[in-house]
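Here's a structure for you.
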Amino acid sequence: DFGRSSELAFVVEPSDDIAVQEQPLILYCQVEGIQPITITWRKNGVMIVDNENAFMLANGSLYVSRFQRVRGDGSSDEGEYDCMAQNHYGLVVSRKAKIQAATMSDFHIHPQNAVVEEGGVARFQCQIHGLPEPVILWQKNRMPVNTDNERYTLLPKGVLQITGLRAEDSGIFHCVATNIANVKFSREARLTVSGSHSTVYKDPMILVGPENLTLTVHQTAVLECIATGNPRPIVSWSRLDGRPIGVEGIQVLGTGNLMISDLTVQHSGIYVCAANKPGTRVRRTAQGRLVVQAPAEFVQHPQSISRPAGTTAIFTCVAQGEPPPQITWLRNGQILETSDHIKLKNNNSTLSIYGINQADEAIYQCIAENSAGSTQASARLTVLWADGLPSPPQSVKAETVSATTIQVSWKEPLQNTKEIIGYVLHIRKAADPEEMEYQEAVSKSTFQQLVTDLEPSTSYSFYIKAYTSRGASKPSEVTVVSTLGEVPAMPSLFIKVINSTAVQATWEPSIKLGQHEGFKLYYRKVHLSQYTGPVLLPSNVTTYNITHLDASVVYEVKLLAYNQHGDGNSTVRFVSLRETMERTVLNPPCDCMKDEQSNKTSTTGIIIGIHIGVTCIIFCVLFLMFGYRGRLLMCKNVQEQLSTPQIPRNQRSTTGLVLNGAARRDRDDRDMNGKQLDMNELERLFPASLTQEQQDKGITSAHSPPITHDDTQISTLPLDEFSIIEEQTDPLPKSPCSSSPAAPALDHSPTNEG
């Protein structure tokens, strides 16, 4: 089956194994590729020479007749083995296979005697190390434990849990450890179940919580959690990061142990076991970290390539794993060393070989390795080199044109020019590594190229290759030249009129000024050809006043920045002092100090006005309150006077009191003869004013209920204690008791109109 593929590659690679003492061991290795192929083996990097104990089979596998962990001479068959295959095109190395001897140590944890009350939980544990991992089984009274009993839980790490203990669970327990190396028995432990089931309350308690585990993908993890308490606590599991545990491959062993089958990297995390008292929030927790590792595997393999001599070859190798794998490159089985034309980048994921030649032809291998395992992939580089290729282009010259442009010229090769299909110009900053190089293609009839978009004051290297359909010529000689320095950019310029004979120029400095930089300022009358200036200003100056100007003409102001590379482009502004001053007369400028003082004065006036207004409001409120109180007292005294016998009209003074209905304004309808005060209305309006003293004076209502005295005491004055002055005013004056439309009012109208 060999030779079906031209690429030298492994079909079967040796794998990790555990060997048994004095037993034979076979490590497999199969290769395909162009014959003849030579296969050899190494152990710990040293070539294995065929001998009676270890020799290679016809199919390329290695046979060890009697595996010895330690031989008489002190050597050991344990170690890392790899297979090497070589043909005319190169050499490849297989992954490293780790070979270990099967062993089993003595028990370092034995089960212990236990006395537990009925209904409780018993736990036995034994631990032993071995390769491969020993299988641990339990026996009770020298008989295998009945695993069908739901109360008995056997965990893979040598733990036996018994829940809901009964009297028949008492007995002698021990464990048996077995692997390909040996079988061993632990010491015995006695379990005694005492008393009857207790009903005394006990807080939940976690006897044993989960341990920290580091496993590999596809293995099985068992996180132990055993809890006690009365009533029996409920055990639950969660992740500390809040992510769901899921259901696929998840199983609960016994009363609370969590088993996760077929582990993946996503199962890594901190797991929390919680023991809850039923129906309450009383709980106890314990946590353990699970780390799942994944062996390195390739996401992208390197591909074999063929490239013309002088070009660049790039191999890409991307691997993943947990922890992230380290990538190493081999060239024909040897560690690849980087140089000026061999570069590794992107964490060694990309191998670039610049200016390849015949010596670079080889098989390149990418080795990805982490603590969980390693893997390898290979690819071959073929350098195309045909007879009759053009010789290198001649007389390569580079001349600086500007700060961003260089002109490159050359002459055609001296030999084999008929098949040339074009040229390629290779460009690179002199300070950059070779992988930063870029190319520009040029037609075969063109012998010069204008290279643009370069950086100012920067050195560049150039070389040329001539290309045919069969490959490229060797590179020409390298020429290095620098671009010119860059002059400053245009500054921003602003003109402000100060007065009728002066303006102020203000600008922002350029960010592209070199050393020894500054500004040049020019100005002139627009009808003149001659500028005044230049006025040389240092780089830290950003303003300049131009004085002694003529207010009747328009001026042109020009500003430019300069440095050691020359003058930059100028910025030009025009300004008319006459128009500006006319606008100033029509719209005088703001006197900021005066405005500020005015603002302060206005603010002070506003504050004083607010105080005055508040004071007025307070006085008005007080006035209205006392005025209303006075009107109330006047109305009361009027009531008292009205309760006395009526005086004939002809005996009344013109200043006498006349009862006037406040809701009636027609004087012709007013007739005081027989007019009686509506006491019900007065009582409704002034319920608190009818004191006992007023009732004694005759102000009563036959229909009103008895008046009760409240906490409000209203003072009254006899009518003779105040006087009413007659005023000749509006024929319809407002009554002082007109606070309610139905309230009685006093009228100062003439008596004959009563």
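The values are calculated or read from the model by the stated rules, or taken from the named source; none is laboratory data. As the structure is a computational prediction, the values presented were derived from the model and not from experiment. Don't worry about glycine lacking a Cβ; one is built from the backbone with ideal geometry, like all the others, and counts go over all protein chains shown. What goes into the accessible areas is simple: the full protein's heavy atoms, side chains included, and nothing from ligands, DNA or RNA. Shrake-Rupley method; radii C 1.70, N 1.55, O 1.52, S 1.80 Å.
Expressed in nm to one decimal, what extension gain is obtained for the pair Thr214 and Arg281 from 0.36 nm per residue of sequence separation less their Cα-Cα distance?
20.9 nm
A further question follows. Return the long-range amide H neighbours of Gln219 (sequence gap of 5 or more, or a different chain), with a cut-off of under 5 Å between placed amide H atoms.
Here Leu263 satisfy the definition.
Along the principal axes of its C-alpha atoms, what lengths does the range 301-384 span, in descending order and rounded to whole Å?
40, 20, 18 Å, listed from the longest principal axis down.
While we're looking at this one, here's another question. Once R0 is set to 30 Å, what does the formula 1/(1 + (r/R0)^6) return for the Cβ-Cβ distance between Val176 and Gln68, expressed as a FRET efficiency to the nearest 0.05? All intermediate terms of the calculation are to be shown ahead of the outcome.
Working: r = 28 Å, r/R0 = 0.93.
It comes out at approximately 0.60.
With a 1.4 Å probe and all protein chains left in place, how much of the accessible area of the range 387-482 comes from carbon and sulfur atoms, in whole percent?
Roughly 47 percent of what the probe reaches on the range 387-482 is carbon or sulfur.
Starting from the Cα-Cα distance between Ile270 and Ile608, subtract it from 0.36 nm times their residue separation and give me the gain in nm to one decimal.
So the chain would gain 114.5 nm between Ile270 and Ile608.
What area, in nm² and to one decimal, does the C-alpha convex hull of the range 341-439 cast on average over all directions?
Answer in nm², one decimal: 9.7.
May I ask which of Lys96/Lys157; Lys43/Lys345; Lys98/Lys345; Lys397/Lys429 have a Cα-Cα span longer than 25 Å here?
The pairs that break the limit, which is 25 Å between Cα atoms, are Lys96/Lys157; Lys43/Lys345; Lys98/Lys345.
Follow-up. Would you mind working out the accessible area per residue for the range 194-329, using a 1.4 Å probe, and quoting it in Å²?
53
Based only on the alpha carbon positions, what is the Kirkwood hydrodynamic radius of the range 104-287, in angstrom?
17.6
Arrange the residues Trp410, Trp385 by how much accessible surface each exposes, largest first, with a 1.4 angstrom probe. Spell out each step's value before the answer.
On the way: Trp410 10, Trp385 120 Å².
Ranked from most to least accessible, the order is Trp385, Trp410.
Let me ask something else about it. Please give, to one decimal in nm, the separation of the simple spin-label points placed at Ala502 and Gln320, each 7 Å out from Cα toward the Cβ.
7.4
Right, next: Return the inverse of the average 1/r over all pairs of distinct C-alpha atoms in the range 494-577, which is the Kirkwood hydrodynamic radius, in Å to one decimal.
13.3
Can you give the Rg and Dmax of the range 387-482 based on its C-alpha atoms, in angstrom?
13.2, 42
Follow-up. Would you please give the residues with an amide H less than 5 Å from that of Ile498, counting only those at least 5 places away or on a separate chain, with H modeled from the backbone geometry?
Val503, Gln504
Working with all protein chains in place, sort Lys444, Lys140 by solvent-accessible area computed with a 1.4 Å probe, largest first.
Numbers: Lys444 120, Lys140 45 Å².
From most accessible down to least: Lys444, Lys140.
With no solvent and one equal point scatterer per Cα, compute the Debye intensity ratio I(q)/I(0) for the range 9-101 at 0.22, 0.23 Å⁻¹ and report its log10, rounded to two decimals.
-1.09, -1.18
Next up: Can you tell me how much longer the chain between Leu131 and Asp567 gets when fully stretched, taken as 0.36 nm per residue apart minus their C-alpha distance, in nm with one decimal? List each step's numbers first, then the result.
Working: separation 436, 0.36 × 436 = 156.96 nm, distance 8.19 nm.
Net length gain for the segment: 148.8 nm.
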